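Trainee: Following this message is one structure expressed as structure tokens.
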Amino acid sequence: MAFKFGEKIIGTIRYVPIQQNLTLTEKLLHQESLYEHISGYDCWEVGRLVLDSDYRSGSDFLKTFLSLSLKCLIENSNAEVLVASCTHVLSRLYGRFGFSPLAKNIRLQDTQKIYTLIQAPVSKVREKLSEIKSN
């Protein structure tokens, strides 16, 4: 998905169904022997959230874009669980949408990169989205 502000594309996000072995999150789930936590569900990875640096100050743009894209995914898929791999700082943003840590401080094999694995049942995400709308 792409986010436009006026005529300018200012951000993107990607949603990928799990069990295709296409994503970093799947690699980390296998690496940490956590795949069984999500394997029985229609599970999607939330990833590659990117926002133009001119629009990153404050959390309103990020929160708005994440809200809109999550709502679109939920309405147009059979997703039951959402997962993501992100930095600890970004995991706090996702926490506003019902995500919780599955594992922290995971070093990607053969790199120095550290990730947090997060997950959320879609029912919890729906609940949080409705709370955000009413605030």
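Okay, residues lined up against (1) among the charged types (D, E, K, R); (2) touching a helix residue (DSSP H, G or I) at 6+ places or on another chain (Cβ under 8 Å); (3) under 21 Å from Thr12 (Cβ atoms):
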site: Asp52; (1), (2), (3): yes, no, yes
site: Leu62; (1), (2), (3): no, yes, yes
site: Leu68; (1), (2), (3): no, no, yes
site: Leu82; (1), (2), (3): no, yes, yes
site: Arg92; (1), (2), (3): yes, no, yes
site: Leu102; (1), (2), (3): no, yes, no
site: Thr111; (1), (2), (3): no, no, no
site: Tyr115; (1), (2), (3): no, yes, yes
site: Leu129; (1), (2), (3): no, yes, yes
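Trainee: Could you tell me whether any residue of region 119-131 is touching a residue at least 12 places away in the same chain (Cβ under 8 Å), part of a loop (DSSP other than H, G, I, E, B) and either on the phi < 0 side of the Ramachandran plot or among the charged types (D, E, K, R) (or both)? Can you show your working first?
Mentor: Narrowing region 119-131 to residues touching a residue at least 12 places away in the same chain (Cβ under 8 Å): 119-122, 124-129.
Of the ones still in play, those that are also part of a loop (DSSP other than H, G, I, E, B) are none.
No, region 119-131 contains no residue that is touching a residue at least 12 places away in the same chain (Cβ under 8 Å), part of a loop (DSSP other than H, G, I, E, B) and either on the phi < 0 side of the Ramachandran plot or among the charged types (D, E, K, R) (or both).
Trainee: Of all residues in region 5-25, which are of a type in the set (Val, Ile, Thr) and either assigned to a strand (DSSP E or B) or in contact with a Lys or Arg (Cβ under 8 Å, 6 or more places away or on another chain) (or both)? Steps first, please.
Mentor: Of region 5-25, the ones of a type in the set (Val, Ile, Thr) are 9-10, 12-13, 16, 18, 23, 25.
Selection gives Ile9, Ile10, Thr12, Ile13, Val16.
Trainee: Let me ask another. Of the numbered conditions (1) aliphatic (A, V, I, L, M); (2) assigned to a strand (DSSP E or B); (3) surrounded by 15 or more Cβ atoms within 10 Å (Cβ to Cβ), Leu28 satisfies every one except a single condition; which is it?
Mentor: Evaluating Leu28 over (1) aliphatic (A, V, I, L, M); (2) assigned to a strand (DSSP E or B); (3) surrounded by 15 or more Cβ atoms within 10 Å (Cβ to Cβ) leaves (2) as the failure.
Trainee: Could I ask something else about it? Identify, by number, the condition in (1) within 23 Å of Glu127 (Cβ to Cβ); (2) touching a strand residue (DSSP E or B) at 6+ places or on another chain (Cβ under 8 Å); (3) not in a strand (DSSP E or B) that Glu45 doesn't meet.
Mentor: (3)
Trainee: Could you tell me which residue of region 50-107 is surrounded by the most Cβ atoms within 10 Å (Cβ to Cβ), considering only residues that are assigned to a strand (DSSP E or B) and more than 12 Å from the chain's Cα centre (by Cα)?
Mentor: Filtering region 50-107 down to residues assigned to a strand (DSSP E or B) leaves 50-51, 81-86, 100-107.
From what is left, the residues that are more than 12 Å from the chain's Cα centre (by Cα) are 51, 102-107.
Numbers: Leu51: 16, Leu102: 21, Ala103: 18, Lys104: 12, Asn105: 9, Ile106: 18, Arg107: 12.
The residue in question is Leu102.
Read-outs throughout are calculated quantities, based only on the coordinates presented, and are distinct from any laboratory measurement. Not measured: the values here are computed from a predicted model. No Cβ is skipped: glycine too gets one built from the backbone with ideal geometry, and neighbour counts run over all protein chains shown.
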